[in-house]
1. So which residues in region 77-111 are surrounded by 10 or more Cβ atoms within 10 Å (Cβ to Cβ) and either outside any loop (DSSP other than H, G, I, E, B) or of a type in the set (V, I, T) (or both)?
2. Going through K132, K52 one at a time, which residue ends up being at pLDDT 90 or above and either part of a loop (DSSP other than H, G, I, E, B) or open to solvent by 100 Å² or more (accessible area, probe 1.4 Å) (or both)?
3. Test of understanding: among L47, L68, L61, which residue is of a type in the set (A, V, I, L, M, F, W, C), touching a residue at least 24 places away in the same chain (Cβ under 8 Å) and part of a helix (DSSP H, G or I)?
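The values are calculated or read from the model by the stated rules, or taken from the named source; none is laboratory data. Being a predicted model, the structure only gives us computed values, none of them experimental. Glycine gets a Cβ as well: all are built from the backbone with ideal geometry, and neighbour counts include every protein chain shown. Please note that ligands, DNA and RNA were not included when accessible areas were found on the heavy atoms of the full protein model with its side chains. Shrake-Rupley method; radii C 1.70, N 1.55, O 1.52, S 1.80 Å.
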Amino acid sequence: MRNAWVTVDPRNWKTRDDMTINVGLGTGGKAQQFAQLMALANVQKELFGGGKVNMVGDRELYNTAVELTRIMGHKNPDRFFNDPSAVNPQTGQLLNPPPAPPAPPPDPTVLALQAQAQRSSSRRPRPMRSIKSSRPRPILN
């Protein structure tokens, strides 16, 4: 402490049963990290595509993309991906909001009624038009 050597005896510490010790044994090379992260990205893709959007959201996908970018050696992932939680400091609104949900499909009964109305309007008899003949008419006396 304060650039002075201090003798410490861990036997005097309180018992700590709630700790986890991580020893740095190496995390593998970049190729191994990339392969593992791509496997994780494929699992996310399958979950997202399978409709499990409650398990994988925009933030998780962004985090995976950021890690992949860093493993590839790029220092600034924002050059490649938009942070979905980035907020405009002036307005407090999201800079990259999610797209609006698609419009709901039209009601099938309304579509059927419209098609039926269109068919019935095309079946109505049309008024007869007079047809003029190019043949001369006989003159009656």
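1. Step one: filter region 77-111 for residues surrounded by 10 or more Cβ atoms within 10 Å (Cβ to Cβ), giving 77-78, 80-87, 94-96, 111.
Hits for region 77-111 are P77, D78, V87, L94, L111.
2. On the way: K132 fails: at pLDDT 90 or above.
That would be K52, the only listed residue that is at pLDDT 90 or above and either part of a loop (DSSP other than H, G, I, E, B) or open to solvent by 100 Å² or more (accessible area, probe 1.4 Å) (or both).
3. On the way: L47 fails: touching a residue at least 24 places away in the same chain (Cβ under 8 Å); L61 fails: touching a residue at least 24 places away in the same chain (Cβ under 8 Å).
L68 is the lone residue from the list that is of a type in the set (A, V, I, L, M, F, W, C), touching a residue at least 24 places away in the same chain (Cβ under 8 Å) and part of a helix (DSSP H, G or I).
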